[in-house]
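Structure, as structure tokens:
Quick note: the coordinates plus some simple rules give every number you see, no bench work behind them. From a predicted model like this one, the values you see are computed outputs, not experimental measurements. We place every Cβ from the backbone using ideal geometry, glycine too, and count neighbours over all the protein chains shown.
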Amino acid sequence: MRKWVAVGALIFLAGCQSGQESPESEAVVQQEGQGAESVLKEMDVPWSINEHSGTFYLSERKGKIVKWDSTSGKKDVQDVSFDKKVHLEGEGGFLGLQLAPDFDKSRQAYAYHTYKDGGSIKNRIVVIEERNGGWKEVRVLLEDIPGARFHNGGRLKIGPDDKLYATAGDALTPELAQDRESLAGKILRLELDGALPDDNPFPESYVYSYGHRNPQGLAWSDNGEMYSTEHGQSAHDEINRIMPGRNYGWPVIEGDEQQEGMETPFFHTGSETWAPSGIAYKDGRLYVAALSGNAVKRVNINSRKAANEMDGFGRMRDVLVAGGEIYAITNNRDGRGNPRPGDDQLLVKK
């Protein structure tokens, strides 16, 4: 069992080189991409993909949204007016974006971004609305989520139960992942208006599951099972099957280690580093955008075997299944990759 009292600084030092965290810092010589075609180029570190009626909306970490009409090919870069300035440092910035279920009518979406509160880095979840070619914040749902230069989580997804789920990293303070009074190192669950769901596993708490290091992906299978990706400390990146109220072990256990009352991963990468971010589901398979893995990985849920679905394009940040096709975005301009002409790109495999 890994001891974790007062290990925050040790893990930070072990996991960083030249100010960058090793699971995301590996740069490789890129080869010609395989398994997909580029349909949109020259984005500035996109983080999240959304699609509505053939139009794509992609968040960029500096605080903008790329709107792309897949029929006409028209691309607009839209400004987003947040009430608190986006704090761009390390892995922080404008991260998660999720269109509202009534987007046709409301033109609203949910956004997750990093901000500075005095000397502290934090994260917040807000509602933004598309107006006059841009976006404006219209409501705060949740603030004061602990943040840091690294480990901010940031994924937003609406589940099959019509609740809003958010991933929050441990903010470089591993012990917070085991503290159920903290929002750090958790998967959070909110009503779409920001209220606390009555059936959350812990009374008066947004916490849905805990013991997470840096979860960055959420997806559901056809039968409603929930999966999340998570960055390991040193390889041992995880896909977890998420159940309400469960403890996923960080920083006490990792990989195949076991402890009573803690969950071992549904799948982990062993000594290989993927640095997994976005995840999507299709036909019994999970598709995982891997940053250090430089691929979209395909994991068969029944056999738990993994293979490359798209590779050779560099760092992959998010993946989306839309219209039966698989879309992914690269993150080669995030300071940890090797940008090529046209990066960052939206890719599709038909």
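Of the residues ALA184, ALA195, ALA235, which single one is crowded, with 24+ Cβ neighbours inside 10 Å and either without any contact (Cβ under 8 Å) to a residue 12 or more places away in the chain or not β-branched (Val, Ile, Thr) (or both)?
Within the list ALA184, ALA195, ALA235, the selection yields ALA184.
Quick one: in the range 142-186, of everything that is of a type in the set (Lys, Arg) and part of a loop (DSSP other than H, G, I, E, B), which residue is farthest from GLU254 (Cα to Cα)?
So the residue we want is LYS163.
Of the numbered conditions (1) surrounded by 16 or more Cβ atoms within 10 Å (Cβ to Cβ); (2) under 16 Å from ASN50 (Cβ atoms), MET316 satisfies every one except a single condition; which is it?
The failed condition is (2).
At least 3 residues that are among the aliphatic types (A, V, I, L, M), within 25 Å of ASP334 (Cβ to Cβ) and within 20 Å of the chain's Cα centre (by Cα) in each: list the strands (runs of 3 or more DSSP E) lying fully within the range 217-291 that qualify.
Counting at least 3 such residues, we get 285-290.
How many residues, within the range 313-348, are touching a helix residue (DSSP H, G or I) at 6+ places or on another chain (Cβ under 6 Å) and more than 22 Å from GLU91 (Cβ to Cβ)?
The qualifying residues number 0.
Applying the selection to the range 292-326, what residues are of a type in the set (A, V, I, L, M), in contact (Cβ under 8 Å) with a residue 12 or more places away in the chain and either closer than 19 Å to SER38 by Cβ or part of a strand (DSSP E or B) (or both)?
Those that are of a type in the set (A, V, I, L, M), in contact (Cβ under 8 Å) with a residue 12 or more places away in the chain and either closer than 19 Å to SER38 by Cβ or part of a strand (DSSP E or B) (or both): ALA295, VAL296, VAL299, ALA306, MET310, MET316, VAL319, LEU320, VAL321, ALA322, ILE326.
Please list, ordered by first then second residue, the pairs with beta carbon atoms under 6 Å, 6 or more apart or interchain, first in the range 267-278 and surrounded by 23 or more Cβ atoms within 10 Å (Cβ to Cβ), second in a loop (DSSP other than H, G, I, E, B) and of a type in the set (Asp, Glu).
So the pair list comes out as THR269/ASP237; TRP274/ASP237; PRO276/ASP237.
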